[in-house]
Amino acid sequence: MNKRRILCFGDSNTWGYVPRTDDIEERYPSGVRWTGRLQLLGGNEIEIIEEGLNSRTTAIENPDRPGRNGLQYLGPCLESQNPIDLVILMLGTNDIVPKYHSSAEQILERIKLLVQKIQELGQTQAHTPCKILLVAPPEPLFEFAYEKFRDPDLVTKLRTLSALMKDFALQENIPFLNLANEIQSSEVDGVHLSSEMHEKLAHLIWKKISP
C-alpha cells in the first residue's frame, strides 16, 4: 500500500517555533511539532512533508527577511515534492502584521492564488490534482503579542479573514478547518503555540483527513 504523501505548508507554527519573549528562533523537536504528531497518528498510512518557515506570508515580500513570499516558494516546492496526495495550507497570520497594510479581503485574494497554484502543480501518483485542506490559523492574543503584531484591529481582521476563507472553501468544495475556537496562542508571546496546542492541532487535523 502506498503511503499518502501530505505536504504541510505554513509559517512558524508549522515550523514549530517555541514561544519566547526574545528573538531567538527555537524549534520544538519533531515529536512535539504538530506535523510530527500527525505522522505518529497516521503511522504507516502517511508520509508527512514539513514545509514551515518563520515569517512566511501568503504572497508578500518581506524587506527584512527575503524568501518569505509563500506564493513564490510554493510552485518549486510542489514540483520538488510531487507526487503529493494532500496539501495542508495554513497561512495568513503574518499577513496581518501592521507593516503590510493588508485587509482581510486582500489576504483572501492571495490565499486564492496559493490554492490555484496547488491545483495547477500538486499532483498525485496517478497524475490527478492533489487534495487541499485549508486551515484558518489561530488568533493571536493581542495583549501578549510582541511588538510587530501590536494592532488593535488584529483579532477582528483575522476573524474576518477566517469567515472569508470559510465561504471560499465552501464555494470551491475544499475541506476547511477554522482554529479560532479550537487552538489558543501562547500567552508567552501571543502568537506561537505551546506543545499542548501542537498536540491538539495534530488531532484536529487527523480527524479531518483520516480515511
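If only one of Pro63, Pro83 is surrounded by fewer than 17 Cβ atoms within 10 Å (Cβ to Cβ) and closer than 17 Å to Lys148 by Cβ, which one is it? Quick ask: steps written out before the conclusion?
Working: Pro83 fails: closer than 17 Å to Lys148 by Cβ.
Matching residue, one of Pro63, Pro83: Pro63.
When Gly52, Gly10 are checked against the criterion of being touching a Leu at 6+ places or on another chain (Cβ under 7 Å), surrounded by 20 or more Cβ atoms within 10 Å (Cβ to Cβ) and of a type outside the set (Ser, Thr, Tyr), Gly10 stands alone in meeting it.
Do you know which residues across the stretch 13-24 are surrounded by fewer than 19 Cβ atoms within 10 Å (Cβ to Cβ) and hydroxyl-bearing (Ser, Thr, Tyr)? Selection gives Thr21 alone.
Would you confirm whether or not the stretch 188-203 contains a residue that is among the small types (Gly, Ala, Ser), at pLDDT below 95, buried (at least 18 other Cβ atoms within 10 Å of the Cβ) and touching a Leu at 6+ places or on another chain (Cβ under 9 Å)? The answer is yes, given that some residue of the stretch 188-203 is among the small types (Gly, Ala, Ser), at pLDDT below 95, buried (at least 18 other Cβ atoms within 10 Å of the Cβ) and touching a Leu at 6+ places or on another chain (Cβ under 9 Å).
Considering every residue within the stretch 110-125, establish whether at least one is at pLDDT 95 or above, of a type outside the set (S, T, N, Q) and in contact with a Phe, Trp or Tyr (Cβ under 6 Å, 6 or more places away or on another chain).
Of all residues in the stretch 110-125, those at pLDDT 95 or above come to 110-125.
Still in the running and of a type outside the set (S, T, N, Q): 110-115, 117-118, 120-122.
Next, only the ones that are in contact with a Phe, Trp or Tyr (Cβ under 6 Å, 6 or more places away or on another chain) stay: none.
Checked the stretch 110-125: no residue is at pLDDT 95 or above, of a type outside the set (S, T, N, Q) and in contact with a Phe, Trp or Tyr (Cβ under 6 Å, 6 or more places away or on another chain).
Residue-wise test of (1) farther than 13 Å from Cys8 by Cα; (2) hydroxyl-bearing (Ser, Thr, Tyr).
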site	(1), (2)
Ile60	yes, no
Arg68	yes, no
Tyr73	yes, yes
Gln81	no, no
Met90	no, no
Pro98	yes, no
Ser103	yes, yes
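Could you check Arg27 against (1) among the basic types (Lys, Arg); (2) within 29 Å of Glu105 (Cα to Cα); (3) surrounded by fewer than 20 Cβ atoms within 10 Å (Cβ to Cβ) and say which number it fails? Tallying (1) among the basic types (Lys, Arg); (2) within 29 Å of Glu105 (Cα to Cα); (3) surrounded by fewer than 20 Cβ atoms within 10 Å (Cβ to Cβ), Arg27 fails exactly one: (2).
Within the stretch 130-176, the set of residues being farther than 21 Å from Ile84 by Cα, in a helix (DSSP H, G or I) and of a type in the set (Gly, Ala, Ser) comprises Ser162, Ala163.
If only residues of the stretch 189-211 that are hydroxyl-bearing (Ser, Thr, Tyr) and not in a helix (DSSP H, G or I) are counted, the one that is farthest from Leu53 (Cα to Cα) is Ser210. Listed by position, the strands (runs of 3 or more DSSP E) contained in the stretch 1-118 that have at least 2 residues being of a type outside the set (Val, Ile, Thr) and free of Cβ contacts under 8 Å to residues at least 60 places away in the same chain are 46-52.
Of all residues in the stretch 18-43, those being more than 21 Å from Glu143 (Cα to Cα) and among the acidic types (Asp, Glu) number 2. Taking the conditions (1) surrounded by 15 or more Cβ atoms within 10 Å (Cβ to Cβ); (2) within 21 Å of Thr35 (Cβ to Cβ) in turn, Pro76 satisfies each one other than (1). Within the stretch 170-183, is there a residue that is surrounded by 21 or more Cβ atoms within 10 Å (Cβ to Cβ) and in contact with a strand residue (DSSP E or B) (Cβ under 8 Å, 6 or more places away or on another chain)? Yes; the residues of the stretch 170-183 include at least one that is surrounded by 21 or more Cβ atoms within 10 Å (Cβ to Cβ) and in contact with a strand residue (DSSP E or B) (Cβ under 8 Å, 6 or more places away or on another chain).
Do the conditions hold for Ser185, that is, is it outside any loop (DSSP other than H, G, I, E, B) and of a type in the set (S, T, N, Q)? Judged against the criteria, Ser185 is not a match.
The values are calculated or read from the model by the stated rules, or taken from the named source; none is laboratory data. Given the structure is predicted, the values throughout are model-derived calculations rather than measurements. Note that we place each Cβ from the backbone using ideal geometry, even for glycine, and neighbour counts take in every protein chain shown.
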